[in-house]
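As structure tokens, the structure follows; a few thoughts come after it.
The values are calculated or read from the model by the stated rules, or taken from the named source; none is laboratory data. Just so it is clear, the structure is predicted and the values come from calculations on it, not from any experiment. Please note: Cβ atoms are built from the backbone with ideal geometry, for glycine as well, and neighbour counts cover all protein chains shown. Calculation scope for accessible area: heavy atoms of the full protein, side chains included, ligands and nucleic acids excluded. Shrake-Rupley method; radii C 1.70, N 1.55, O 1.52, S 1.80 Å.
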Amino acid sequence: MSVFSPLRHLPEVAWQALRGALAWMVLAAVLDGLAGLALVPLILAWFDGSRAAVSQSVWLVLGLTLLQAIAGYTAQRRGYLAGAGLAAGLVARLLEHLPRLPLGRRRHLEGLVRGPVFNSMGIPAHLLAPLITALVTPTVVVLGLFALEPRLAWAVALAYLPLFALLRWAGRRSLDLERQRQAVDRQAGQLLQAFAEQQPLIRSSGDASQGQQALRTALHAQHQATRSLNRRALPASLGFATAVQMMFSLVLAGGVLAVAAGYLPGALLVAVLVLLVRFIEPLSQLAQLDQALRMAWQALSQVLTVLGAPALQSPQPGRQPLDASLQGQGLQCYGENGEQLLKDLDVYCAPGTFTAIVGPSGAGKSTLLALLGRGMDPQAGEVRLGQVDIRQLSERTLAENLTQVFQDSGLFAGSLLWNVSMARPEATPAQLQQAASAAALDEVIDSLPDGWHADVGPGGGLLSGGQRQRVGLARALLSEAPIVLLDEPTASLDARSEARVNRALRALHGRRTLVLASHNPALVREADQILVLEGGRLSGCGRHEQLLATHPWYAQFVEPEQAGE
């Protein structure tokens, strides 16, 4: 595969930023080659002693050099702008595409913008531009040589064939070795991280010496593997540059022999050698440029793979729900590795009712919530919101009718006030305060120097997990959406705050359709219906008293609370 072939897979918005820059890069490289070729008649005229021919050749060289400088400057400037445009185009596509990916595909994508996308900014100016110069300029020179001395041109052209075959081999081998080196470094990094995280356990068990010995052994193995990879990479990194120098030496030797035999004028040989020396350095760096660009494309391919992943599609304007009911029929869902997460599940939540989902870890509670909130679509069956297939609702309609709170609510850099009020921008101060009080967020607000105007940091990083959860709860309680989905809404809260949130959630009964997954028996027992999931199947459904008497797992689930009573 050509190092330029990934260009075909770029999004149109990113490709537009590159198209103009590439044209200027090619033009600058062609003019560079023509300016070099103009040196040949200048040198020949100098040897002939023709002042008129020298003067004309000098003006030709100066004119082409000036044009090349203008085109080179424009290409460089366009390259930097194209880099920014490429990154901006990719970010724009990611912002549009990522929220529409199924929940399972959104994992481990937080580094895309910081890594591959921002690194792609250097591709046009720092990698593509010199690579195009190293490819196009010598090609122009060889084509020009056919007009000056075809025999010498044929010799150089034939030497190009093994050079580019060697370049292709060196690029692939270097990339393969670099992948192996990255794998070795990742293994060592994972081991170091695990060793650092387990220090309290190692010290408490008195096994520090064995742990350190294992770490030293692994690091030594990583060192040996890296040395071996470096030795294997040496022929690929130096072979092409050596071959370029050998080609120049062969052309020099052949030219000297041709001059000695009277087949070639000495002045022409000098001119051609000056020309070749001018372009031998960028040609010799072609292997490093090729390898760097292949690695850059490999990183960028991570972004292109994500952008190529199928996203959830929503119609516009779509249909409107008839009520606040939520229903799942024949739901089947599979994980990324093909494991079945939910099996033939039927669920119905009537408008204004409270439904709790319980079950052991891995039973499928979060998966069911994700399906009901259209974080993903089932492989079989359908989810109906307000008696309408949820896939027939527009994104706006879905957001207006359903709000969700996850265990770790995602927040935006900005104030607490903005993060809460985005659920209902027109909310009054009294409504904001009521939602904050119901979610036990008022305690957090009172503890912060700037109160409502305190900055939560990117992703809410300036708040604790429990504080972020309270912000998510306040946002859901402030929302006017008639359906609320919650995943472990009190998992990170202390007992006092948990009791306040439980009262607030009970107060929603009859006014909003509430569906939550929880391990909190005190909250679950208040539900109108309790769904018990085991192994992705619905093993029980009913009210607290009914399940307590008939379902063994549920009876064991609420046993600590029963004992406390």
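A few points about this structure:
- Check on VAL136, open to solvent by less than 20 Å² (accessible area, probe 1.4 Å) and either of a type in the set (A, V, I, L, M, F, W, C) or modelled with pLDDT under 80 (or both): no
- Under the condition of being within 33 Å of the chain's Cα centre (by Cα) and on the phi < 0 side of the Ramachandran plot, the residues counted in region 320-351 number 13.
- Selection of region 480-522 for residues being of a type in the set (A, V, I, L, M, F, W, C) and touching a Pro at 6+ places or on another chain (Cβ under 8 Å) yields VAL501, LEU505, LEU516.
- Residue, modelled with the lowest pLDDT, within region 493-551, restricted to residues that are polar (S, T, N, Q) and within 39 Å of the chain's Cα centre (by Cα): SER497
- Single unsatisfied condition, SER415 versus (1) more than 15 Å from ALA474 (Cα to Cα); (2) among the small types (Gly, Ala, Ser); (3) surrounded by fewer than 22 Cβ atoms within 10 Å (Cβ to Cβ): (1)
- For VAL383, the stated conditions hold: it is of a type in the set (A, V, I, L, M) and farther than 30 Å from LEU463 by Cβ.
- Number of the condition not met by ARG396 [criteria: (1) in contact with a helix residue (DSSP H, G or I) (Cβ under 9 Å, 6 or more places away or on another chain); (2) basic (Lys, Arg); (3) open to solvent by 40 Å² or more (accessible area, probe 1.4 Å)]: (1)
- When restricted to residues that are under 25 Å from the mean Cα position of the chain (by Cα) and among the charged types (D, E, K, R), region 354-388 contains 2.
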